[in-house]
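Reading through the structure tokens given below for one structure.
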Amino acid sequence: MSRASPLTNVIEKGLFGNFEGKNENDLITIKEVKNLLILQIVQYKNSSLDVKKIDIDGVIFSNPLKVSSNNDTRILWNGPKNWLLVSEKKDLLDKTKKLFNEKDFATTDISHSRAIIEIEGNNSKEILKKGCPYNFNEIKKNMCINSIFNGINITIDMIEENPEKIRLFALRSFGESMYHAITDSTLEFGYKAT
């Protein structure tokens, strides 16, 4: 079954804001990321398993505020004993069901419940500073945080530093509001929506 994108009728492709006279490659790029598997994995308090010994697609569980990753899969620390597994590999859903027993873990497929926006460009952190109280001078590659952006709860995943590439996750019902908040904050720099 194909997934209906939360931003299908929202994103208008093109150049916007202060883009005139600028090289198109220097503009911030904003796009929706679709068709990712997103699993929330929570380890129960009474579980004694060491999650650092668990390997999913060659990736181990991450430490607080960190992300473990390879080319296809990222595991984001989401809170104590709580992680988000984000992957392009849909078959990991079946693998994780076999790997995590119900006595120690709760795994939930939340793929349909999130809107994902990726911003890429040298001023990406500056955009987020406009609506988020976090000190973005502290965030580095393979770090993640939970915060708010203009009143919307988001998870922020710093994928690259040069150029800055940041993936934002919000509840699906807030996808349109998040998109408009991000694009409004980006007008000053000019952006390319793809």
- Can you confirm whether segment 136-143 contains a residue that is touching a Ser or Thr at 6+ places or on another chain (Cβ under 6 Å) and under 22 Å from Glu88 (Cα atoms)? no
- Taking interchain pairs and intrachain pairs at least six residues apart, which have beta carbon atoms under 6 angstrom, with the first residue in segment 179-194 and of a type in the set (Val, Ile, Thr) and the second assigned to a helix (DSSP H, G or I)? Thr186/Ile127
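Is it true that Asp157 is within 20 Å of Ile41 (Cβ to Cβ), over 12 Å from the mean Cα position of the chain (by Cα) and of a type in the set (Asp, Glu)? Even if it seems obvious, please write down each step before you answer.
Working: within 20 Å of Ile41 (Cβ to Cβ): yes; over 12 Å from the mean Cα position of the chain (by Cα): no; of a type in the set (Asp, Glu): yes.
Answer is no for this residue.
Yes/no per residue for (1) surrounded by fewer than 20 Cβ atoms within 10 Å (Cβ to Cβ); (2) of a type in the set (D, E, K, R); (3) not assigned by TED's automatic domain parsing to the domain that holds Asp57:
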site	(1), (2), (3)
Thr73	yes, no, no
Pro80	yes, no, no
Ser87	no, no, no
Lys90	yes, yes, no
Asp94	yes, yes, no
Lys98	yes, yes, no
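I'm trying to understand the selection: among the residues of segment 35-64, which are of a type in the set (A, V, I, L, M) and either touching a Gly at 6+ places or on another chain (Cβ under 9 Å) or surrounded by fewer than 17 Cβ atoms within 10 Å (Cβ to Cβ) (or both)?
Val42, Leu49, Ile60
Please list, ordered by residue number, the strands (runs of 3 or more DSSP E) wholly in segment 16-71 having 2 or more residues that are within 14 Å of Trp83 (Cα to Cα) and touching a helix residue (DSSP H, G or I) at 6+ places or on another chain (Cβ under 7 Å). I'd like the intermediate steps shown before the answer.
On the way: elements: 28-32, 37-43, 67-69.
In segment 16-71, the matching strands (runs of 3 or more DSSP E) lie at 37-43.
The values are calculated or read from the model by the stated rules, or taken from the named source; none is laboratory data. Because the structure is a prediction, the values reported are computed rather than measured. Don't worry about glycine lacking a Cβ; one is built from the backbone with ideal geometry, like all the others, and counts go over all protein chains shown.
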